[in-house]
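The values are calculated or read from the model by the stated rules, or taken from the named source; none is laboratory data. Computed from a prediction, not measured in an experiment: that's the story for all the values here. Cβ placement follows ideal geometry from the backbone for every residue including glycine, while neighbour counts extend to all protein chains displayed. Remember, those area values only see protein heavy atoms, side chains included, never the ligands or the DNA or RNA. Shrake-Rupley method; radii C 1.70, N 1.55, O 1.52, S 1.80 Å.
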Amino acid sequence: MAEEQMKYKFPSGFIWGTATSAHQIEGGNENNWTEWEQDGHIKDGSVSGRAANSYELHAEDIKLVKELNNNAYRFSIEWSRIEPQRGRWDKVELRHYQKIIEECRRNDIEPFVTLYHWTQPLWFAEMGGWLNKQSPLIFRNYVEQVVKFLGSGVTFWCTINEPMVYAYNSYWLGKWPPQGKSFFKFNQVINNLAQAHRLAYFILHEKNSRCQVGAAKNNQFFEPYLDTWLNRTAVNFIRRYWNHSWLKKIKDTSDYLAVNYYFHNLLYVSLRGYVLMNENKIISDLGWEVYPEGIGAVLKELRGYQLPIYVLENGLADASDEKRADFIRAHLRSVRQAIAEGADVRGYFHWSLMDNFEWADGFEPKFGLYQVDFKTFKRTPRPSAAAYAEICKNNGL
Ligand code: IFM
């Protein structure tokens, strides 16, 4: 055991955290998602409603973060609260997020603040959202107000969460609001999100030159099923497109890279298209393959950018909690190995602190280290919470 611990000890100063997003836990929001939810689009028929009521219970939730021995907490700011009408800034809501930051600081928890985690004010959605040419500028104005008010308390900003996943589901696959089905729109949104990131980077730095700005990118581990020229070339093309094309647009305006890791894709490619050949030895409640080797590979793939890396999300839906502790350990071993092989990984955030509203899948998938009773809002640690807390306390496993 002592030897094992030595082997997977993390560098000193490593950031250990948990992650959440506003719409998924706060409750009481009025944005483009809450509107869409009303039309029966959510798999389990639910609406986000009061979610986990973290808007009221935020101080208690930061205690949960503390109990995990975390030294960081990633949460997001709900844009629709800050700017409910275009150009009208709600100071009470800004103050709300200031309290969360202060509470983090009081507990020696570094806040990692996400500025856009998929939900929009209704007026922004009505203007065409991220398809509108003005959208990057409009976002920049929002960021300016946020940083003016909260900037002194925040070092780490994450501008945008998973731009490709968001744009793919919302503008290409037509699965999420506003249910666009066009590659052209997807591409336009991707470009506007990159421009929004760049403008945000400059305004954040203008207000605090020492801040650290990045964006959370869902990167995946792609492997060719067959060792043929067609398979290798096609998979390489997909990998470069998904993992790197957006990062390349923002790398000069990033102080760090952020990775959200969930997926492994073993791809068989033929002239007719591609088929997923994953073995799926272990899967989550959502049917996603558990593939810890992939996180290390994805992190090593980023060495060339020569920027610090944070894993801002990694987790699984596991209501019984039978798999989560092993999942965490295996992924962390893979992260540690990637560090040993030159990836400059500085932190790991588990998704998620607590059960939450999992977008179009509703409340059914349980991603939380803490179980939430959505009627009473009682939080109960799952056994894996103790396992993760132990790792964070020991700075390794
Ligand atoms: O819940 C989401 C989160 O909002 C973004 N990254 C993936 C998570 C699990 O699907």
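Here are a few things to note about the model shown:
- FRET efficiency for Gln306 and Asp39, using Cβ-Cβ distance with R0 set to 41 Å, rounded to 0.05: 0.35
- Across region 299-314, computed HN-Hα scalar couplings (Karplus, 6.51 cos²θ - 1.76 cosθ + 1.60, θ = phi - 60°) run 5, 5, 4, 9, 4, x, 6, 6, 10, x, 10, 10, 8, 8, 7, 5 Hz from first to last residue, x flagging Gly and Pro.
- Net charge contributed by nearby residues that have their C-beta within less than 9 Å of Leu122 (K/R +1, D/E -1): -3
- The solvent-accessible area of Ser152, taken with every protein chain present and a 1.4 Å probe, is close to 120 Å².
- Simple spin-label estimate for Lys133 and Lys281 in nanometres, 7 Å along Cα-Cβ: 5.4 nm
- Amide N proximity, region 274-295 versus Lys7 label position 7 Å along Cα-to-Cβ, cut-off under 16 Å: 293
- Unsatisfied cross-links (Cα-Cα over 28 Å) in the set Lys7/Lys378; Lys148/Lys185; Lys249/Lys281; Lys281/Lys366: Lys7/Lys378; Lys148/Lys185; Lys249/Lys281
- Per residue, the accessible area of region 130-235 comes to 41 Å² when a 1.4 Å probe rolls over the protein heavy atoms.
- For region 304-397, with +1 on Lys and Arg beta carbons and -1 on Asp and Glu, the positive-most of Ser334, Ala360, Asn394 along the dipole: Asn394
- Accessible area in the full protein assembly, largest first, 1.4 Å probe, for Glu83, Glu67, Glu93: Glu67, Glu93, Glu83
- Taking the 1.4 Å solvent-accessible surface of region 11-84 as the whole, the part contributed by carbon and sulfur is 46%.
- Under 14 Å from the Cα of Lys43 - aspartates and glutamates, other chains or at least 8 residues apart: Glu358, Asp361, Glu364
- Residues within the reach of a label modelled at Lys99 (point 7 angstrom out along Cα to beta-carbon, backbone nitrogen below 16 Å), restricted to region 30-63, are 53-63.
- Approximating the spin labels as points 7 Å out from Cα along Cα→Cβ, the Asp227-to-Lys248 distance works out to 2.8 nm.
- Sum of side-chain charges, Arg303 neighbourhood, beta-carbon under 14 Å (Lys, Arg +1; Asp, Glu -1): 0
- Distance violations [Cα-Cα > 20 Å] among Lys217/Lys300; Lys251/Lys300; Lys300/Lys393: Lys300/Lys393
- Put Phe202, Phe374, Phe186 in order of accessible area, highest first, and with a 1.4 Å probe you get Phe202, Phe374, Phe186.
- Kirkwood-Stokes translational diffusion coefficient of region 26-115, alpha-carbon pairs, 4 °C, 1.567 mPa s, µm²/s: 90 µm²/s
- Within-12-Å neighbourhood charge of Ala215 [Cβ basis; K, R +1; D, E -1]: +2
- Distance cut-off 23 Å, percentage of C-alpha pairs in region 80-163 lying past it: 22 percent
- Magnitude of the charge dipole, the chain, Cβ model with Lys/Arg +1 and Asp/Glu -1, debye to 20: 1080 debye
- By the Stokes-Einstein formula, at 0.692 mPa s and 37 °C, region 240-397 with its Kirkwood radius over alpha-carbon pairs has D equal to 193 µm²/s.
- Residue of His23, His96, His350 that the Gaussian network model of the chain assigns the largest fluctuation, springs spanning Cα pairs under 10 Å: His96
- A convex hull fitted around the alpha carbon atoms of the chain yields 138 Å³ per residue.
- Placing a label point 7 Å from the Cα of Ser320 along the Cα-to-Cβ direction, the residues of region 280-296 with a backbone N closer than 11 Å are 285.
- The apolar share of the surface of region 176-308, taken as the fraction of accessible area on carbon and sulfur atoms (1.4 Å probe, ligands and nucleic acids excluded), comes to 53 percent.
- From most to least packed by mean Cβ count within 10 Å, the peptides 162-171, 281-290 give 162-171, 281-290.
- Rg and Dmax of region 355-394, based on Cα coordinates, read 11.9, 37 Å.
- Under the Debye formula (equal points on every Cα, no solvent term), log10 I(q)/I(0) of region 276-355 at q = 0.27 Å⁻¹: -1.30
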